[in-house]
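Here the structure comes first, spelled out in structure tokens, and everything after it is commentary.
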Amino acid sequence: MRLLVLGGTGFVGGATVAEAVRRGWSVTVFNRGLHGDAPAGVHRLRGDRTAPGGLAALVGGEWDLVVDTWDGAPRAVRDAARALVDSVPHYVYVSSGSVYAEPVEPGSDEDAPTVEAAADAVDGDYAQLKAGGERAAVEIFGDRALLARAGLILGPGEDIGRLPWWLGRVARGGEVLAPGPRDLPLQYVDVRDLARWLLDRGAEGVGGAYNVVGRTGHATMGELLDAAVAVTGSGAVLRWTDPEPILAAGVVPWNDLPVWIPLGHEYRWLQERDVTRAYAAGLVCRPVAETVADTWRWLREVERVPPRAGRPARAAVGLAPEREAALLAAVSGGVMPA
Ligand SMILES: NC(=O)c1ccc[n+]([C@@H]2O[C@H](COP(=O)([O-])OP(=O)(O)OC[C@H]3O[C@@H](n4cnc5c(N)ncnc54)[C@H](OP(=O)(O)O)[C@@H]3O)[C@@H](O)[C@H]2O)c1
């Protein structure tokens, strides 16, 4: 297989390249050359896909599959797809569950309505950018476009820092505010399982939209944090706390306490998407303990979460230590800070 990855030196693209190299595929990455390294043997093409003439390096190339991780302006997907439509049989666009138009019913599948977005848009919010990217891929490649609507992506290389924040917090030890309930079902995908699925289905020429995340409850909040305690060896004590007082104190799920979206929250659907189609199409998800252990190993190697490759910086995730301490004290004393 000859694979072209548009991007390829960050989190998802990097894992996709690593998996393809592991398979012995011929791999080319196309990016500006500003971020990250490609493994030995990977061909590097340079270009800025937002600049006039920026796709010139793709002209004359031939590949069996392209994977595009773009999350900027949809027009860049449209232009790249146009440049490649005659030389590549299949286009995989790494999309997101954020494309669904709110309110979204928990348990919805791929037929749920998506937000309005144009294939040639040059801006928009994240949902519009991803939905526009999907539209651009389908407009040019039709049923030769595979739309992989990932959800929360965890694993080595994670550049948003959600699981890394929990690992760092648990590694610091002491009492840790653990947002309950302990058996809260999570929905996420390990980046390496996502990469395998993208390449397997892309190589087969599968088209259409898929929610590519694990089943809700593949792991629980308790299993995730227990694995973090075990792997860091910090002896941290998880102080399981009901969601109500945490929310009443103004803590924002997902951002202040990453990964956590309590039952009944307006964004709970992000952890309860129907994934029947992806599992029927061969998605296999590794145990949470493996994701946590490998992310911890990676984090110790790199020491800090890397900046996102070529993407706008996101607000830092995680509760400040003083705020967590105040919450813990309030839980013990029975009075939560407002
Ligand atoms: N993290 C999550 O939980 C989550 C959840 C759902 C979906 N997703 C989706 O997963 C994807 C994550 O992608 P990633 O950032 O990890 O991809 P990536 O392909 O690993 O990294 C981004 C690449 O884009 C290149 N790039 C940036 N600007 C460019 C430009 N103007 N022209 C050409 N290349 C450019 C960067 O290299 P240079 O800077 O050197 O050009 C880099 O190689 C996104 O589509 C996101 O929407 C993520």
### Query
In the range 284-310, how many residues are more than 21 Å from Ala150 (Cβ to Cβ) and among the basic types (Lys, Arg)?
3
### Message
So in the range 149-204, with the set limited to residues that are away from the ligand (no atom under 11 Å from the Cβ), of a type in the set (A, V, I, L, M, F, W, C) and in a strand (DSSP E or B), which one is farthest from Glu110 (Cα to Cα)?
### Response
Val176
### Query
So Tyr93 fits all but one of (1) within 12 Å of the ligand (Cβ to nearest atom); (2) of a type outside the set (A, V, I, L, M); (3) in a helix (DSSP H, G or I); what number is the exception?
(3)
### Message
If Ala112 meets every condition in (1) surrounded by 14 or more Cβ atoms within 10 Å (Cβ to Cβ); (2) touching a helix residue (DSSP H, G or I) at 6+ places or on another chain (Cβ under 6 Å); (3) not hydroxyl-bearing (Ser, Thr, Tyr) apart from one, which number is that one?
### Response
(2)
### Query
Among the numbered criteria (1) more than 23 Å from Ser98 (Cα to Cα); (2) without any contact (Cβ under 8 Å) to a residue 60 or more places away in the chain; (3) assigned to a loop (DSSP other than H, G, I, E, B); (4) not polar (S, T, N, Q), which single criterion is violated by Val229?
(3)
#### Entry: Of all residues making up the range 79-118, the number that are touching an Asp or Glu at 6+ places or on another chain (Cβ under 6 Å) and under 23 Å from Ala57 (Cα atoms)
2
### Number of the exception - Arg304 against (1) over 30 Å from Leu34 (Cα atoms); (2) assigned to a loop (DSSP other than H, G, I, E, B); (3) under 24 Å from the mean Cα position of the chain (by Cα); (4) more than 16 Å from the ligand (Cβ to nearest atom)
(1)
### Message
Can you find, within the range 30-60, the residue that is farthest from the ligand (Cβ to nearest atom) among those that are closer than 20 Å to Val88 by Cα and within 21 Å of the chain's Cα centre (by Cα)?
### Response
Phe30
### Query
Residues in the range 101-119: is at least one within 20 Å of Glu139 (Cβ to Cβ), near the ligand (Cβ under 7 Å from one of its atoms) and modelled with pLDDT of 95 or more?
no
### Query
Identify, please: which residue in the range 7-28 is more than 7 Å from the ligand (Cβ to nearest atom) and aliphatic (A, V, I, L, M) and is, among those, surrounded by the fewest Cβ atoms within 10 Å (Cβ to Cβ)?
Val21
### Query
So Val122 clears everything in (1) within 16 Å of the ligand (Cβ to nearest atom); (2) of a type in the set (Val, Ile, Thr); (3) surrounded by 18 or more Cβ atoms within 10 Å (Cβ to Cβ) except one condition, right? Which one?
(3)
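The values are calculated or read from the model by the stated rules, or taken from the named source; none is laboratory data. The structure displayed is predicted, hence computed values, not measured ones. Cβ atoms come from the backbone with ideal geometry, glycine included; neighbour counts cover every protein chain shown.
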